[in-house]
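Taking it in order: structure first as structure tokens, then the write-up.
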Amino acid sequence: SGPRPRSVLCRRSRRLAPPRAARRPAMEVITSLEGRRSVRRRLKQFVGRHLRQVPCLDAVVRALPSSLRFWRRRKYQTLGQGDDDDEEGGEVEDLRQSVNDTLGTAMVRLALLSLIGLTVLNVTRGSKFDDENTDWSKVPLQEFEKLEFRRDAGLILYLGALELLVCGACAQTAAAMYTKRRHAMKHPQDGPESQRKRYIKVHLEKDPGRRDRQLYGIGFRASTDGLECLLVEEVRTGSLLDVWNARRLQPSPAQLLEAALGDSPSAAGRAQGAGAGATERVGLGAAIVAVNDVHADVGLMQAELTKAKVTLWVRTEVFHASQLESDMLAEHELPAGAASGRPVPATFGAADAEAELEAPPAGAAFGFSGRPGEEGADGALVCAEAVGGPRCAVLAFEDEEAQIVMRWLICGILFGWVTLLPVLLVQPNEERPRQHLFRQYLLKPCLLILPLWILFWVLDCIEVAIETQIMHPFFYFPVVHMLLPSVLVYYLMKLQAADEQIVLEQRKSRQAELKKDSAQFQPVAIEDAAPALLKELICVNPVAMIFLGAVASIPILVWNLLTPLSTERGRLAQGFINIMYAPLTFLQVAFCYSVYHFRFIDLPKLYMTTFGLMLSLPCFAVWCLCLMCASRYGRQDMLLVERQRVERAREAVGEAAPGTAALSATDLVDLTEAMQREFEFINSA
């Protein structure tokens with residue numbers, strides 16, 4: 001009678017629990033844990049997606065004189081560049097981005113000086129309005145409007161100084177991103193011993209009889225914006241890399257014997273040894289900087305992963321502008337040993353030795369058939385039998401994507417020369433065709449429109465500072481914020497179409513070379529390349545989208561319709577562009593009408609009214625609609641990618657091994673979502 005004690009229920013539940021072999025595999029447990037935390041992860045990914053200019057903030061601090069900085073560490077020089085000042089033999093410094101670096105430093109310092117001067121000016125002007133003896137009701141309306149303009153003109157000048165600050169920060173960040181790092185200029189194997197010690201060298205080799213249907217178990221995504229490495233997102237349990245990780249944690253026979261006899265070293269020594277072994281593991285967030293003899297090319301490195309034997313050079317720490325927002329919002333959900341299939345012990349003792357002796361091998365611990373891996377003749381880890389997992393690799397053979405640069409180009413539609421100038425000053429890598437597209441399509445038109453943009457910007461600042469009208473607002477705003485951006489949008493759409501064709505050509509040519517050179521070609525399936533520019537237009541911050549709609553929704557719609565893309569993912573993005581920006585055309589017409597009736601003396605009110613409308617209820621409703629459409633696009637794009645991966649994997653595996661049509665989608669190809677990128681899948685090899 002009455003409820004039973006908790007201890008009795010716990011003992012009975014343990015007696016009724018199924019045996020270890022009948023329990024759910026570890027990956028299912030991990031999947032359920034990820035499902036519980038998916039809301040938190042989605043929230044962090046959402047915040048990261050709408051704080052896209054965070055990497056530029058660090059550049060503002062780095063542009064200050066060294067005496068005014070609170071710290072002196074240069075984050076972007078990590079990952080094999082600038083680690084030590086006394087390196088052996090010295091390194092050749094990459095000076096290709098020196099123009100952008102110099103411009104960024106000068107613009108940031110000029111902006112800070114302007115902000116200080118404007119603050120003093122506004123304090124001086126504002127003191128005239130603090131006179132309590134003045135009866136403002138008796139002041140003539142025209143005189144009162146002039147005084148009010150003088151008081152509020154500081155707001156427009158502040159915006160101009162902030163634009164200088166943004167331009168300098170973007171230039172500094174661009175120079176830091178596209179400066180070649182040490183691992184890009186020289187293969188880690190060719191560096192001195194002091195540099196090679198900073199990398200983890202991993203040898204892996206497939207079973208000779210299963211080379212066309214066995215993967216290494218690496219889940220990754222290619223870096224962006226000049227980092228040139230493969231960022232590890234997952235180590236599949238029971239795979240070759242997972243077994244290699246597990247062996248780094250296993251004690252040596254001498255340690256096992258000492259632990260069994262009770263002659264083990266002190267607790268401090270054990271903890272130190274365990275920590276040293278943990279650093280030799282390839283975990284989440286690590287960067288593969290070279291594969292075999294290939295480095296500084298993410299497309300060719302992925303092509304090397306199709307070979308039956310690979311040597312990976314891995315760096316555990318990554319600091320780069322393209323990774324800064326991911327590092328700030330990083331989600332560490334799994335324990336340190338989850339990637340290797342077993343927990344990482346803080347100490348190692350007799351009890352741990354007994355558990356280690358009785359524990360099954362890493363592959364068998366979670367229901368995978370086969371014996372542990374064997375060491376090859378040259379130290380490579382060879383897996384002799386089948387290991388569960390997909391048969392088809394997911395590899396993209398094209399160059400890096402310029403993701404942050406694409407964001408700056410979208411901002412250039414709003415702010416003009418402020419974010420366009422740093423993009424045009426980036427010196428592209430001579431071996432990267434995708435980087436040359438920016439100058440190829442934007443340099444000639446910008447030679448015409450950038451001087452006009454800068455001239456109008458300077459005249460606007462001068463007329464506000466001297467309180468004298470030089471040009472009517474209806475002449476300034478339509479030309480600067482509508483006519484010139486429409487020319488830019490046209491060339492941006494052409495750039496997007498050319499980028500798509502380059503990706504298709506690189507994939508086709510490199511995959512044909514692999515099939516020709518390899519007797520047992522690893523089946524590869526990859527979805528269409530993401531239309532980076534259109535994706536940024538869809539997933540941009542809703543506040544920025546409203547401003548984009550108010551100044552450029554009509555040209556975006558027109559040039560989007562007149563520049564069709566060839567891939568299915570591109571056409572999907574173009575459809576959502578039409579859906580989202582078509583209603584915003586009414587906003588652009590309303591903006592033209594309101595500017596026509598504004599006077600020069602009402603210019604500060606125009607800016608303050610615009611920012612006030614951003615906080616109104618109608619604009620809040622538009623924000624929600626924009627977020628819903630962006631989320632809808634992300635989910636539709638993921639479904640399309642999943643379908644393309646499965647269909648192309650069946651085709652690739654069917655060509656290599658007929659009769660595999662009955663395989664499920666998870667047995668064919670990896671469909672794991674990226675941890676730090678919203679609505680994206682990772683690649684696998």
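Accessible surface for I554 stands near 70 Å², nearest 10, in the context of the full protein assembly shown (1.4 Å probe).
Size descriptors for region 418-458: radius of gyration and Dmax over Cα atoms are 11.6, 38 Å.
Once fully extended, how much extra length lies between V487 and S664, figured as 0.36 nm per residue of separation less the alpha-carbon to alpha-carbon distance? List each step's numbers first, then the result.
On the way: separation 177, 0.36 × 177 = 63.72 nm, distance 4.88 nm.
So the extension gain works out to 58.8 nm.
About its Cα centre, region 129-238 has a charge dipole of approximately 1540 debye under the convention of +1 per Lys or Arg Cβ and -1 per Asp or Glu Cβ, with nothing else charged. Each label point was placed 7 Å from the Cα along the Cα-to-Cβ direction; for S194 and A582 their separation is 6.4 nm. About the centre of its Cα atoms, region 401-539 shows a dipole size close to 420 debye [charges on the beta carbon of Lys, Arg (+1) and Asp, Glu (-1) only; nearest 20 debye]. Computed with a 1.4 Å probe on the full set of protein chains, the accessible area for Y596 sits at about 130 Å². Stretching F598 away from L147 to a fully extended chain increases their span by 160.6 nm, per 0.36 nm per residue minus the current alpha-carbon distance. Here the simple spin-label model places points 7 Å from the Cα toward Cβ, and for V589 and L459 these points are separated by 2.9 nm. Each part gets one Cα centre, and for region 517-581 versus region 165-207 those centres are 30 Å apart. Extent along the principal axes, Cα only, for region 564-685: 76, 31, 21 Å, with the longest axis given first. Scattering from region 379-534 was approximated by placing one identical point on each alpha carbon and applying the Debye formula without solvent; log10 I(q)/I(0) at 0.08, 0.09, 0.11, 0.20 1/Å stands at -0.40, -0.47, -0.61, -1.22.
Given a Förster radius of 25 Å and the C-beta distance between E651 and H203 as r, what FRET efficiency does 1/(1 + (r/R0)^6) yield to the nearest 0.05? Efficiency computed from Cβ-Cβ geometry: 0.20.
Once fully extended, how much extra length lies between Q469 and M608, figured as 0.36 nm per residue of separation less the alpha-carbon to alpha-carbon distance?
Details: separation 139, 0.36 × 139 = 50.04 nm, distance 1.92 nm.
Here the answer is 48.1 nm.
Ranked from largest, the principal axis spans of the Cα set of region 427-501 equal 51, 22, 14 Å.
The values are calculated or read from the model by the stated rules, or taken from the named source; none is laboratory data. Since we're looking at a predicted model, the values are computed, not measured. Backbone-built Cβ (ideal geometry, glycine too); neighbour counts: all protein chains shown. The area values use the complete protein model at the heavy-atom level, side chains included, leaving out ligands, DNA and RNA. Shrake-Rupley method; radii C 1.70, N 1.55, O 1.52, S 1.80 Å.
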